[in-house]
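Colleague: Quick one: the structure is below, questions incoming.
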Amino acid sequence: MKITFAESAKADIIAFLVDEDGDLPEAAAALNETTGGLLSEAMDGSRFSGKKDQQAFIVLPKGSDARRAVLIGAGKKDKRDARVLEGLGANLYKSHSSSGFKSLAVHAGSAEDAARIALGAKLASYRFDTYFTKLKDDQKPSLESVTLVVSDVPAAEAAFVPLNAGAEGTKLARDLVNMPPNDLYPASFAEKCRELGQYGVQVEVLGEAELAKLGMNSMLGVGQGSVKESQLGVMKWMGGAEGEDPVILIGKGVCFDTGGISLKPGPGMEDMKWDMGGAGAVAGAMLALVGRKAKANVVGVVGLVENMPDGKAQRPGDVVTSMSGQTIEVLNTDAEGRLVLADALHWTQEEFQPARIIDFATLTGAMIIALGNEFAGVFSNDDKLAEDLHDAGEITGDRNWRMPIDRAYDKLINSPIADMKNIGPRYAGSITAAQFIKRFVDEGVKWAHLDIAGMVWSDKPGATWDKGATGYGVRLLDRFVTDRFER
């Protein structure tokens, strides 16, 4: 779908934002007068008062510049933030995408408002229909373009550039999460990372032989039951000052998780194709950063494995030696994501001097029990880092809530025969998982772990996404870098 900005536009559908209990905006009032009060009649007939997301539809007379007019309630002006504007854009797109009309023009207000509405429309326009072969014409979107009518076109276009980059990164993350596991596995995911090279990202991929030479036995143990080789993808964007320590983003990339020998129940196992959602968020964030030429040094690392049951698979009771030298008693092979992150974290700290480390992982079902599908859980050893992530999430809608880590929980993962075990007791499961990861963070390194198990996939449509992959985390990370490292 094409998005443009213009001072005026002709389109099949023309839309106007109306404040709650407010008057028609100037352009809508002018159209109302030339049509003999059609807009006023539609407002009265549909009890339209401008409440957020209300819509009133008007069929315009022949000879008009547009064929339909739409009034959309913009809610109360003092509560109209970026997320509300994005929601309005998404609502307009969803309502008219399959209407049979091809073009939509929206009278948007300020340049910043226009950019936000455009972002909402773009996020809502995402479709994953790669595997459909028999879609009928009325099942396909007809809307081909959205024009934002605004007085200061250059300012709106400039404001949209970084937002559009975030949307493109979100699209990549959604594509990766939506892909079926027979098409997305460690090597093919690594190829997706390599494709970022065309935009200026430096990409390196380590295969199993290199990982074994490095001693990354914790990560390799997870994938040893699969015929698909494990990979470590490394994406570097050095847009900041030369020599400045980079921000490190690490993503769990379990491309399919059967649970291994600790096999998951069959019903619902198909959902485990999205257990690489953390790695998807990191890859998408790297595309967003390079897309807007972020003035920051950022490194994205994704640990890519497949957790399968097999005669060669890791057994409950095995003890592995991680790259850090710490030993792990593997009591449950379905607690595998932390084993991947352990080696990825250590390798990253060996290779770089991190300004911050943020890891993203669909790590525990316990996180969904605790926070549902409304917030990701944040575990951090630094108050300011946790606060910055929270603030970025409130702006982008990728909301997160801080959870505790504490020495008192640490003893729950002590093993009688190794340095640690990979699971604790049934209670505090998300916390003990975070405590496990923390053991691989070097002293003095500022680190945050986001458990996004409840956020990367949705069984119902949201404001700017449809059922399926949400793209959670991309815009959060992009905003975090913008606010913390570019200002």
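Colleague: What are the principal axis extents of the Cα atoms in the range 110-243, in Å, biggest first?
Modeller: Principal extents (largest minus smallest coordinate, Cα): 60, 51, 22 Å.
Colleague: Assuming a viscosity of 1.306 mPa s and a temperature of 10 °C, what translational diffusion coefficient in µm² per second does Stokes-Einstein assign to the range 1-157, Rh being the Kirkwood radius over Cα pairs?
Modeller: D = 100 µm²/s.
Colleague: Please compute, over every Cα-Cα pair in the range 276-362, the percentage with a separation greater than 23 angstrom. Walk me through the numbers on the way to the answer.
Modeller: On the way: 1248 of 3741 pairs.
Everything past 23 Å amounts to 33 percent.
Colleague: Also, quick follow-up: For a bin width of 5 Å, list the pair-distance distribution of the range 1-59 built from all Cα-Cα distances, rounded to whole %.
Modeller: Per 5 Å bin, starting at zero, the Cα-Cα P(r) for the range 1-59 comes out as 4, 16, 28, 26, 15, 9, 3 percent.
Colleague: At 25 °C and 0.890 mPa s, grab the translational diffusion coefficient of the range 202-298 from Stokes-Einstein with a Kirkwood Rh over Cα pairs, rounded to a whole number in µm² per second.
Modeller: Working: Rh = 15.4 Å.
Calculated translational D: 160 µm²/s.
Colleague: Rank SER458, SER110 by accessible area, highest first, at a 1.4 Å probe radius? Kindly include the intermediate steps, with their values, before the conclusion.
Modeller: On the way: SER458 20, SER110 55 Å².
Largest accessible area first, the list is SER110, SER458.
Colleague: So, one more: If you average 1/r over all unlike Cα pairs in the chain and invert the result, what Kirkwood radius do you get in angstrom?
Modeller: Roughly 23.7 Å, rounded to one decimal.
Colleague: What's the Cα-based Rg to Rh of the range 408-453, Rh via Kirkwood? Each step should come with its number before you reach the end.
Modeller: On the way: Rg = 11.1 Å, Rh = 11.4 Å.
Using only Cα positions, Rg/Rh for the range 408-453 is 0.97.
Colleague: Now for a separate question. How many percent of the accessible area of the chain is carbon or sulfur, using a 1.4 Å probe?
Modeller: The nonpolar share, carbon plus sulfur, comes to 48 percent.
Colleague: Multiplying the sequence separation of ALA209 and ARG47 by 0.36 nm and subtracting their Cα-Cα distance, what value in nm do you get?
Modeller: On the way: separation 162, 0.36 × 162 = 58.32 nm, distance 6.76 nm.
So the chain would gain 51.6 nm between ALA209 and ARG47.
Colleague: Note down the accessible area of LEU38, probe 1.4 Å, to the nearest 10 Å².
Modeller: Number for this one is 50 Å².
Colleague: Right, another one. Work out from phi, with θ = phi - 60° and the Karplus expression 6.51 cos²θ - 1.76 cosθ + 1.60, the ³J(HN,Hα) of each residue of the range 118-125, listed in order in whole Hz, and give x for Gly and Pro.
Modeller: Going residue by residue, I get 4, 4, x, 5, 5, 4, 6, 7 Hz, with x marking Gly and Pro.
Colleague: Report, to one decimal in Å, the Kirkwood hydrodynamic radius for the range 164-248 based on all distinct Cα pairs.
Modeller: Kirkwood radius, the range 164-248: 14.8 Å.
Colleague: For labels at ALA29 and PHE128 in the simple 7 Å Cα→Cβ model, what's the distance in nm?
Modeller: Each label point is offset 7 Å from its Cα along the Cβ direction, giving 4.7 nm.
Colleague: Calculate for the chain the 222 nm mean residue ellipticity that helices alone would give, adding -39,500 (n - 2.57) per DSSP H run of length 4 or more and normalising by residue count, nearest 500 deg cm²/dmol.
Modeller: On the way: 15 runs with 172 residues, N = 487.
It comes out at -11000 deg cm²/dmol, rounded to the nearest 500.
Colleague: Across every pair of different alpha-carbon atoms, what Kirkwood hydrodynamic radius in Å does the range 363-487 reach?
Modeller: Values: mean 1/r = 0.0644 Å⁻¹.
Final number for the Kirkwood radius of the range 363-487 is 15.5 Å.
Colleague: Once the Cβ-Cβ distance between LYS293 and GLN198 is put in as r, and R0 is 22 Å, what FRET efficiency do you end up with, to the nearest 0.05?
Modeller: Numbers: r = 15 Å, r/R0 = 0.66.
That pair, LYS293 with GLN198, gives E of 0.90.
Colleague: Size of the dipole of the chain about the Cα centre, Lys and Arg at +1 and Asp and Glu at -1 on the beta carbon, nothing else charged, in debye to 20? Intermediate values should be presented prior to the final figure.
Modeller: Working: 54 positive and 68 negative charges, 160 e Å.
Using Cβ point charges on Lys, Arg, Asp and Glu, the chain gives about 760 debye.
Colleague: With all protein chains present and a 1.4 Å probe, how do LYS51, LYS134, LYS94, LYS79 order by accessible area, largest first? Don't skip to the end; give the middle numbers.
Modeller: Numbers: LYS51 110, LYS134 175, LYS94 85, LYS79 140 Å².
Sorted by accessible area, descending: LYS134, LYS79, LYS51, LYS94.
Colleague: If you bin every alpha carbon distance in the range 229-379 into 10 Å steps from zero, what whole percent lands in each bin?
Modeller: Spelled out bin by bin, the range 229-379 gives 11, 36, 34, 15, 4, 0 percent.
Colleague: Let me ask something else. Restricting to Cα pairs below 8 Å that are 6+ residues apart, what does the relative contact order work out to for the range 1-86? Please round to a whole percent. Don't jump to the answer; show the numbers that get you there.
Modeller: Values: 128 pairs, mean separation 30.4, N = 86.
About 35 percent, as a whole number.
Colleague: Okay, moving on. Suppose R0 equals 22 Å; then what is the FRET efficiency for GLU144 and SER8 from their Cβ-Cβ distance, rounded to the nearest 0.05? List each step's numbers first, then the result.
Modeller: Working: r = 19 Å, r/R0 = 0.86.
Once the sixth-power term is evaluated, E becomes 0.70.
Colleague: Go through the range 366-403 and name the GluC sites (Glu not before Pro) that are in a DSSP coil and have 15 or fewer other Cβ atoms within 10 Å of their Cβ.
Modeller: Details: sites: GLU374, GLU387, GLU394; in loops: GLU374.
For GluC sites (Glu not before Pro) across the range 366-403 that sit outside H, G, I, E and B with at most 15 neighbouring Cβ atoms in 10 Å, the list reads GLU374.
Colleague: So what is the accessible area of the chain per residue, in Å², with the probe set to 1.4 Å?
Modeller: For the chain, the per-residue accessible area is 43 Å².
Colleague: Using a 1.4 Å probe on the protein heavy atoms only, what accessible surface does PHE375 show? Give it in Å² to the nearest 10.
Modeller: 40 Å²
The values are calculated or read from the model by the stated rules, or taken from the named source; none is laboratory data. The model shown is predicted, which means the values in this text are computed figures rather than measured ones. When we count neighbours, we look across all protein chains shown, and the Cβ atoms used for this are built from the backbone with ideal geometry, even at glycine. Protein only, heavy atoms only, side chains kept; ligands, DNA and RNA dropped before computing areas. Shrake-Rupley method; radii C 1.70, N 1.55, O 1.52, S 1.80 Å.
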